[in-house]
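Quick notes on the structure that follows.
The values are calculated or read from the model by the stated rules, or taken from the named source; none is laboratory data. The model shown is predicted, which means the values in this text are computed figures rather than measured ones. Note that each Cβ is placed from the backbone with ideal geometry, even for glycine, and that neighbours are counted across all protein chains shown. Ligands, DNA and RNA are stripped out before the accessible areas are found, and what is left, the full protein with its side chains, is counted by its heavy atoms. Shrake-Rupley method; radii C 1.70, N 1.55, O 1.52, S 1.80 Å.
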Amino acid sequence: MTAHWRNPVGTLLGVFVVGVAVLVALLLIRTYTLAETKRVWLDKGALEAELTQEEREQLLEALKGAIRIPTVSFSETEQNNTALAEFGQYIRKAFPLVFSSSLIQHEVVGGYSHLFTVRGSDNNLQPYMLLAHFDVVPATPEGWEVPPFSGEEHNGFIYGRGTIDDKNCVIGILQALEFLLKRGYKPRRSFYIGFGHDEEISGNYGAMKIVETLQSRGIRLSYLLDEGFAVLDGVIHGTRRPVALIGTTEKGQITLNLSVEKPPGHSSMPPRQTSIGILSEAMSRLEKNPMPNMFGNGPESSTFEDLAGEFVFPLNIVMANLWLFSPIVSRIMEQTPSGNAFVRTTTALSIFNAGIKSNVIPPIARAIVNFRLHPAHTVEEVLNIVRNTIMDEQVVLSVVKAFDPLPVSPYDEENFGYQTLKRTIHHVYSAAPVAPGVCVGNTDSRHFVNLTDSIYRFSPIVMKPEDLSRIHGLNERISKEGLEAIVQFYYQLIQNSDSEKVPGPHHIPEEL
Ligand SMILES: CCCCCCCC/C=C\CCCCCCCC(=O)NCC(=O)O
Ligand SMILES: [Zn+2]
Ligand SMILES: [Zn+2]
């Protein structure tokens with residue numbers, strides 16, 4: 001037996017090797033234990049919508065007609081009101097059974113928004129709500145393969161502003177309900193449908209008025225589903241198959257106005273710095289000094305832990321052991337715009353206006369910066385960081401809009417809304433694994449926090465990496481199959497929501 005003090009290096013090496021072996025064993029045990037507990041369970045959904053060819057055509061035309069109505073929200077104060085009113089007339093014609101059913105009460109709220117009350121047979125079941133919006137952000141033809149308000153079909157896709165955000169959901173919900181009514185469906189659980197007309201600017205005159213209407217009637221909701229995340233195919237690097245993220249919370253927001261005022265004058269005798277130069281430097285400092293990486297300080301960690309088993313080796317080990325690997329993961333995440341949005345408060349310089357004439361020193365320069373707050377940040381904290389980054393008294397800050405990150409909705413096995421969504425996603429999207437996540441964009445659902453604690457942001461669409469830039473960007477589109485899947489999803493969700501029990505892995509679905 002060799003005395004250890006005679007060979008200390010060998011002893012140290014032996015201890016090191018054993019230590020590494022133990023660590024790897026622990027990592028593997030945790031990885032596969034976590035994966036096992038998150039095993040996807042299959043569940044037969046409710047009755048499928050077996051669409052006839054004529055119904056398929058009807059659905060396509062319904063979306064195309066909706067896209068052709070330019071319901072644009074140009075700015076916080078300017079909308080195409082004529083188009084908003086026209087859209088209301090359009091859906092009345094396109095969905096006659098919905099608008100004539102004795103089970104459904106329809107109201108116009110806030111001038112242009114729509115509220116449907118669908119009466120169920122069992123008053124003991126707490127109602128739920130499906131939310132969407134039909135206003136869209138502006139789009140000019142430059143860069144589009146087809147004109148953005150033509151609704152044209154191209155290579156199996158319908159193109160147009162609103163095909164992802166969010167007229168696809170408006171039409172999908174109405175078409176699913178129209179088909180259900182056509183097949184004699186009568187709901188057990190009452191539900192509400194809300195379509196906002198100003199989501200892209202505030203929701204203050206649409207969604208907020210819907211909230212006030214429901215609150216005045218003493219309504220509490222079992223759960224609420226709005227637009228948001230999606231079935232992500234290849235978006236999360238390293239996942240073996242499409243994964244569905246349900247937004248159980250959403251980031252906060254600050255829309256900040258920055259301005260610099262300086263005396264005007266002749267451009268032939270310019271000052272050392274004009275208002276444009278001063279403001280440009282301030283904006284550049286904000287852009288060059290991103291907010292701190294907060295990965296691991298919010299609910300985003302549970303997204304990856306829940307999905308650990310869906311990652312390829314060795315990422316599955318990494319994601320199951322974020323206690324050890326989160327510094328590496330957070331660095332990788334911040335390399336893409338979508339991943340970066342997941343790990344920090346983002347800073348977007350979105351508007352810059354200045355100057356009145358080429359030979360006049362600009363009297364004022366104005367800009368807008370749009371921040372989306374990570375769940376671990378507050379409005380006050382971010383404004384302090386902004387002030388300390390700009391460090392220039394000449395730059396005047398004024399907050400246009402601000403709200404803290406939203407509360408995290410429950411997503412445990414006992415929550416009816418989350419589990420019913422999960423069950424429906426599994427059925428319609430070939431058992432895609434489901435995980436909770438922080439929705440990086442904002443939605444009208446944030447106004448409903450006093451009506452339910454179970455608010456979920458999920459659009460029933462499949463998104464690939466190249467689709468993310470289509471949202472508010474160029475060539476927004478949806479495939480014909482994708483549109484049918486949307487109808488299928490809501491058709492199933494409405495039926496699944498009739499259950500009085502929280503669906504579990506072995507739940508026997510109700511037959512229509
Ligand atoms: C692990 C990294 C995952 C990152 C996944 C990002 C996937 C993004 C998928 C969908 C985009 C979310 C958009 C949410 C809806 C936004 C609606 C809207 O435009 N609201 C107005 C606004 O936010 O200003
Ligand atoms: Zn939008
Ligand atoms: Zn939207």
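The set of residues in region 345-368 being under 24 Å from the mean Cα position of the chain (by Cα) and buried (at least 22 other Cβ atoms within 10 Å of the Cβ) consists of Thr345, Thr347. Is it the case, given these coordinates, that Ile278 is out of contact with any helix residue (DSSP H, G or I) (no Cβ under 6 Å at 6 or more places or on another chain), under 30 Å from Glu393 (Cα atoms), open to solvent by less than 10 Å² (accessible area, probe 1.4 Å) and outside any strand (DSSP E or B)? Yes.
Residues are listed down the side, and each one gets a yes or a no for (1) in a strand (DSSP E or B); (2) touching a residue at least 12 places away in the same chain (Cβ under 8 Å); (3) touching an Asp or Glu at 6+ places or on another chain (Cβ under 7 Å); (4) among the aromatic types (Phe, Trp, Tyr):
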| position | (1), (2), (3), (4) |
| --- | --- |
| Val462 | yes, yes, yes, no |
| Asn475 | no, yes, yes, no |
| Gln492 | no, yes, no, no |
| Val502 | no, yes, yes, no |
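Selection of region 141-188 for residues being within 16 Å of ligand 1 (Cβ to nearest atom) and among the acidic types (Asp, Glu) yields Asp165, Asp166. Within region 202-236, the set of residues being among the aromatic types (Phe, Trp, Tyr) and either within 10 Å of ligand 1 (Cβ to nearest atom) or open to solvent by less than 20 Å² (accessible area, probe 1.4 Å) (or both) comprises Tyr223, Phe229.
Residues that are closer than 23 Å to Ala207 by Cα and hydroxyl-bearing (Ser, Thr, Tyr) within region 97-113 comprise Tyr112, Ser113, listed in sequence order. Within region 391-402, residues that are under 19 Å from Gly252 (Cα atoms) have Cβ atoms under 6 Å from residues that are outside any strand (DSSP E or B) and at pLDDT 95 or above in these pairs: Ala402/Val379, counting only partners at least 6 apart in sequence or on another chain.
For region 432-460, the set of residues classified as open to solvent by less than 10 Å² (accessible area, probe 1.4 Å), away from ligand 3 (no atom under 15 Å from the Cβ) and part of a loop (DSSP other than H, G, I, E, B) consists of Ala432, Pro433, Leu451, Thr452, Ser454, listed by residue number.
Just for helices (runs of 4 or more DSSP H) wholly inside region 43-152: which have at least 2 residues that are crowded, with 20+ Cβ neighbours inside 10 Å?
Values: elements: 53-67, 81-94, 96-100.
Counting at least 2 such residues, we get 53-67, 81-94.
Is it the case, given these coordinates, that Val449 is of a type in the set (Val, Ile, Thr) and away from ligand 1 (no atom under 16 Å from the Cβ)? Walk me through how you get there before you give the answer.
Values: of a type in the set (Val, Ile, Thr): yes; away from ligand 1 (no atom under 16 Å from the Cβ): yes.
For Val449, the condition - of a type in the set (Val, Ile, Thr) and away from ligand 1 (no atom under 16 Å from the Cβ) - is met.
Only one residue in Leu177, Leu181 is buried (at least 24 other Cβ atoms within 10 Å of the Cβ), touching a residue at least 60 places away in the same chain (Cβ under 8 Å), more than 20 Å from the chain's Cα centre (by Cα) and away from ligand 3 (no atom under 16 Å from the Cβ), so which one is that? Lay out the reasoning, then the answer.
Working: Leu181 fails: buried (at least 24 other Cβ atoms within 10 Å of the Cβ).
Testing whether each residue is buried (at least 24 other Cβ atoms within 10 Å of the Cβ), touching a residue at least 60 places away in the same chain (Cβ under 8 Å), more than 20 Å from the chain's Cα centre (by Cα) and away from ligand 3 (no atom under 16 Å from the Cβ) leaves just Leu177.
Every residue in region 93-122 that is within 15 Å of Ile171 (Cβ to Cβ) and of a type outside the set (Val, Ile, Thr), please.
So in region 93-122, the residues within 15 Å of Ile171 (Cβ to Cβ) come out as 93-99, 114, 116.
Lys93, Ala94, Phe95, Pro96, Leu97, Phe99, His114, Phe116 - these are the residues of region 93-122 that are within 15 Å of Ile171 (Cβ to Cβ) and of a type outside the set (Val, Ile, Thr).
Inspect all residues belonging to region 288-302 and state whether any of them is under 23 Å from Val379 (Cα atoms), assigned to a helix (DSSP H, G or I) and in contact (Cβ under 8 Å) with a residue 40 or more places away in the chain. Yes, because at least one residue in region 288-302 is under 23 Å from Val379 (Cα atoms), assigned to a helix (DSSP H, G or I) and in contact (Cβ under 8 Å) with a residue 40 or more places away in the chain. Looking across region 61-99, the residues that are closer than 27 Å to Lys182 by Cβ and acidic (Asp, Glu) come down to Glu61, Glu86. Across region 307-340, the number of residues qualifying as under 21 Å from Val434 (Cα atoms), within 20 Å of the chain's Cα centre (by Cα) and open to solvent by 40 Å² or more (accessible area, probe 1.4 Å) comes to 1. Evaluation of His427 against the conditions (1) in contact with a helix residue (DSSP H, G or I) (Cβ under 8 Å, 6 or more places away or on another chain); (2) open to solvent by 30 Å² or more (accessible area, probe 1.4 Å); (3) farther than 22 Å from Gly172 by Cβ shows that the sole unmet condition is (3).
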